[in-house]
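The structure appears below as structure tokens.
Computed from the coordinates by the stated procedures, all read-outs in this text should not be read as laboratory data. All of these numbers come straight from a predicted model, not from anything done at the bench. Don't worry about glycine lacking a Cβ; one is built from the backbone with ideal geometry, like all the others, and counts go over all protein chains shown.
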Amino acid sequence: MTTGPTRLADVSDVPETGSYLFTVREADGGREEVILVRLADGVAAWKNFCQHETDQRLDRGSGAAMRDGEILCPKHGSMFDARTGYCDDGKAAGATLVEVEVTVEEGVVSLTDERCEFLHEGGIEEDDGMPGTSSHLSF
Ligand code: FES
């Protein structure tokens, strides 16, 4: 779907505790949020939702909670290995976060996943084109 790697951020832009949030468009036209997290030797990218309740975001806009190399779900506290995405304890035990392919070259993180294309930094915005789902003004 993409024409080539899309530059996302410098590795140094990805917080050591927390996450770097961005939004992609998938092949079916839907939007999805993705988080970049720091590893000891690089970064990993995961779809921004828990495997216990998939409407629960790991990063709610101010960075995912990270502890000892694990991503902590804010809802019920499941811990996902930041490198493998696997949860071995908690409500999501046995499940793995959905991976998004990225590469790091000379300190720059690029999106190389052909199943989605980069839209913008940050989370899904109301005007991202999901019609009529959240009318917040009425006259
Ligand atoms: S929603 Fe994440 S552990 Fe329950």
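Using a Gaussian network for the chain with springs between C-alpha atoms less than 10 Å apart, which of these wobbles most: SER110, SER19, SER62?
Of SER110, SER19, SER62, the Gaussian network model singles out SER62 as fluctuating most.
Exposure proxy check: ASP59, ASP81, ASP28 ranked by fewest other beta carbons within 10 Å?
With the fewest neighbours first, ASP59, ASP81, ASP28 line up as ASP28, ASP81, ASP59.
Compute the longest continuous run of the chain that contains no exposed GluC sites (Glu not before Pro); treat a site as exposed when its DSSP state is not H, G, I, E or B and it has at most 10 other Cβ atoms within 10 Å.
Free of exposed loop sites, the longest segment is 17-105.
Give me the Kirkwood hydrodynamic radius of the chain, using the inverse of the mean 1/r over all pairs of distinct Cα atoms, in Å to one decimal.
For the chain, the Kirkwood estimate is 15.4 Å.
If I take every Cα pair under 8 Å that is 6 or more residues apart in the chain, average their sequence separation and divide by the length, what percent do I get for the relative contact order?
Relative contact order comes out at 30 percent.
Taking 22 Å as R0, compute the FRET efficiency from the Cβ-Cβ separation of LYS75 and VAL108 and round it to 0.05.
On the way: r = 33 Å, r/R0 = 1.49.
With R0 = 22 Å, the Cβ-Cβ based efficiency is 0.10.
With 10 angstrom as the radius, rank THR6, THR96, THR54 by how many other C-beta atoms surround their C-beta, starting from the fewest. Present the calculation step by step, with values, prior to reporting the outcome.
Details: THR6 18, THR96 14, THR54 11.
In increasing order of surrounding Cβ atoms, one gets THR54, THR96, THR6.
Check which residues have an amide H placed less than 5 Å from ALA82's amide H, if you skip close sequence neighbours.
GLU70, ILE71
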